[in-house]
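Heads up: the structure comes next, in structure tokens.
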Amino acid sequence: MGLDHLALLRRELATFEDCLSGDLSARVEHCGDWTLRDLAEHLGQENLWAATAVTERHGDHQRSPAPADIVAWFADTARILTDALAADPATEAWTFFPPHTVGFWRRRRCLETLVHRWDAEHALGLPSQLDPLLCGDGIAEVIEVLAPRQVQRGRAIRPSVAVRLTATDLNSSWLFGPGEAVATLSGTAAELLLALWGRVPLPWNEVTGDHLAARRVLRGPLVP
């Protein structure tokens, strides 16, 4: 899609950081018993993990608990990550799925931060504006990277038939599963992305074709 994932990541990190001026004890609905502070620590630790994957080319980052000043600490993790990702996107890096490049992490961290930025805004009761093109890229990432990894790890069942996901605001669609689509699920790119991540229900009233097959294929969990 020609997205500048590094620039978009910087924007998403900054918007998430803005949320940390709110109530850090606010519950994050879709992340177990986490508070906003817990979410910030999770995202910051993942920032450091990805930075280590790029600079040291391994996935064994040793985590240390975040300090009391979570806001300053999070900002520092964002800086460390974006500095590491300023390398040529074709540069070799450790990743958990192909391609094994810096570009993989630019995309992965951008999309992870997008979802958690929505989580933070939702926790605080703030409205969220999600870029449809970036959400479309997130749908593609679920199908190309996250769902296949979930299948590999035994967390999800390999689809036996295909379902088409259609983003009505992008005039774009993605096929998940083998062969021709037996059903099509339609919604805006943001609706579909948030549904695949378990943040909102899938728009089952917008399914055409084999409803039962669509439910089986999309049962998941398709993301970690």
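The values are calculated or read from the model by the stated rules, or taken from the named source; none is laboratory data. The structure presented is a predicted model; accordingly, all values stated were derived computationally and were not measured. Reconstructed Cβ throughout: ideal geometry from the backbone, glycine too, with neighbour counts over all protein chains shown.
Before moving on, here are some points about what is shown:
- Failed criterion for Ala68 (all others in (1) among the small types (Gly, Ala, Ser); (2) within 18 Å of the chain's Cα centre (by Cα); (3) farther than 16 Å from Leu48 by Cβ hold): (2)
- Filter result (modelled with pLDDT of 95 or more and in contact with a helix residue (DSSP H, G or I) (Cβ under 6 Å, 6 or more places away or on another chain)) within the range 40-61: Ala40, Leu43, Gly44, Asn47, Leu48, Ala50, Ala51, Val54, Thr55
Each row is one residue, and each column tells you yes or no for (1) of a type in the set (A, V, I, L, M); (2) at pLDDT 95 or above; (3) in contact with a Gly (Cβ under 8 Å, 6 or more places away or on another chain).
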| position | (1), (2), (3) |
| --- | --- |
| Val163 | yes, yes, yes |
| Asn171 | no, no, no |
| Phe176 | no, yes, no |
| Ala181 | yes, yes, yes |
| Ala189 | yes, yes, yes |
| Leu194 | yes, yes, no |
| Val207 | yes, no, no |
| Pro221 | no, no, yes |
| Pro224 | no, no, no |
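- Within the range 177-206, the set of residues being assigned to a strand (DSSP E or B) and more than 24 Å from the chain's Cα centre (by Cα) comprises Ala181, Val182, Ala183.
- Of the residues making up the range 99-133, those that are over 27 Å from Thr168 (Cβ atoms), of a type outside the set (Ser, Thr, Tyr) and either assigned to a helix (DSSP H, G or I) or in contact with a strand residue (DSSP E or B) (Cβ under 9 Å, 6 or more places away or on another chain) (or both) are His100, Val102, Gly103, Phe104, Trp105, Arg106, Arg109, Ala123, Leu124.
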